[in-house]
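Report on the following structure.
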Amino acid sequence: MELAFVFFLQVCRIATPYLLTSLGATYSERSGVINLALEGLMLVGAFGATIGQFYAGSALIGVAVAVAFGLLFAALHAVVTITFRANQIVSGVALNILAVGATKFFLRALFGSASNSERIAGIDAPNVLLDPIFLFAVASIPLSHVVFFKTPFGLRLRAVGENAEAAATLGIDVPKMRYQAVLISGALAAMAGAYLAFQQHSFTDGMIAGRGYISLAAMIIGKWLPLGAAAASALFAFAEALQLNLQSEAIPTQLVQSLPYVVTLLALVGFIGKSVPPREVGKPFEK
């Protein structure tokens, strides 16, 4: 029983960044904007949380700096793709590369190393169930469902993602809605990065390790729905936790380490054909 509870806590800990980032991706793509910059958003969020706590001595300030960095980075993606109508996939990939280079540069400038920062305290919680960011992530699941399907904002958001031209004729400001959605995705992904930094008690080069892309897959498998994205995130977290526990067994390490990615591929193969994206996703809006 005790081992099962420990495993449950491990799944919750691993699932948190997936939950936040996949929910953020759902907001962005429901509005019609592909956000491949999730990896970069998580990275700048982790960096912002690290320097915020390191210099201010406060986890709350660390989260605030992380969210600010995420908003700025997401705003850049929004300007490029919504205002200037550039290719959304190219913009996302470019921003991921920019995030890697920028964090390395400032990491060396602030900490004298391009690979890791000084240690930070993180958030002092007895276990993940009492971690404020985990609790926020869990609360965000039903909250996002309500926002999408029970509020005027959610109705407008889904409208611009399905038929932007028709939404515009009804008086909905399509660019404004898309800007708001991309900014929300940036804030949530950056908070996921902050959570990782607090868990690891530092910022390290390559610490996101593909979590942004897995979160994107979780959103797709979840059919662009908050509850579905959350369920897929939990599935990937379960696979990753299982991988960590199997490493001590007599199984080749390479095979065990590939488990989360194999689960991702199998889930995509099983669900991608059954998932229907918003009709306007990836398409720039021409006024």
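Some points to look at:
- Expected 222 nm ellipticity per residue - DSSP helices of 4 or more, -39500 (n - 2.57), all of the chain, to 500: -24000 deg cm²/dmol
- Proximity of backbone amide H atoms, modeled 1.01 Å from N, is registered between Asn116 and Asp205 at under 5 Å, excluding neighbours fewer than 5 places apart on the same chain.
- With Cα atoms, 0 to 90° folded angle of helix 152-162 axis to the chain main axis: 80 degrees
- 0 to 90° range, to nearest 10: angle between helix 259-271 axis and the chain longest Cα axis: 30 degrees
- Of the trypsin sites (Lys or Arg not before Pro) found in region 40-145, the ones in coil according to DSSP and having at most 15 other Cβ atoms within 10 Å of their Cβ are Arg85, Arg119.
- Applying the Karplus relation 6.51 cos²θ - 1.76 cosθ + 1.60 with θ = phi - 60° to region 90-100 yields 3J(HN,Hα) values of 4, 4, x, 5, 4, 5, 4, 5, 4, 4, 4 Hz, where x marks Gly and Pro.
- For region 48-92, applying the loop criterion from DSSP together with a ceiling of 16 other beta carbons within 10 Å to the chymotrypsin sites (Phe, Trp or Tyr not before Pro) yields Phe84.
- Taking Cα atoms only, the orientation of helix 211-221 departs from the longest principal axis of the chain by about 50 degrees.
- Ranking of Ser91, Ser202 by count of other Cβ atoms within 10 Å, fewest first: Ser202, Ser91
- For the chain, the dipole from Cβ point charges (+1 on Lys and Arg, -1 on Asp and Glu) about the Cα centre works out to 680 debye, to the nearest 20.
- Each of Ile34, Ile82, Ile172 was scored by other Cβ atoms within 10 Å of its Cβ. Arranged with the fewest first, they read Ile172, Ile34, Ile82.
- In Hz, Karplus ³J(HN,Hα) per residue of region 170-181 (6.51, -1.76, 1.60; θ = phi - 60°; x = Gly, Pro): 8, x, 7, 7, 4, x, 5, 4, 5, 4, 4, 5
- Measuring between their Cα centroids, region 152-176 and region 8-64 lie 27 Å from each other.
A short reminder: the numbers here are calculations on the coordinates, not readings from a lab. From a predicted model like this one, the values you see are computed outputs, not experimental measurements. Every residue, glycine as well, gets a Cβ built from its backbone with ideal geometry; the counts of neighbours run over all protein chains shown.
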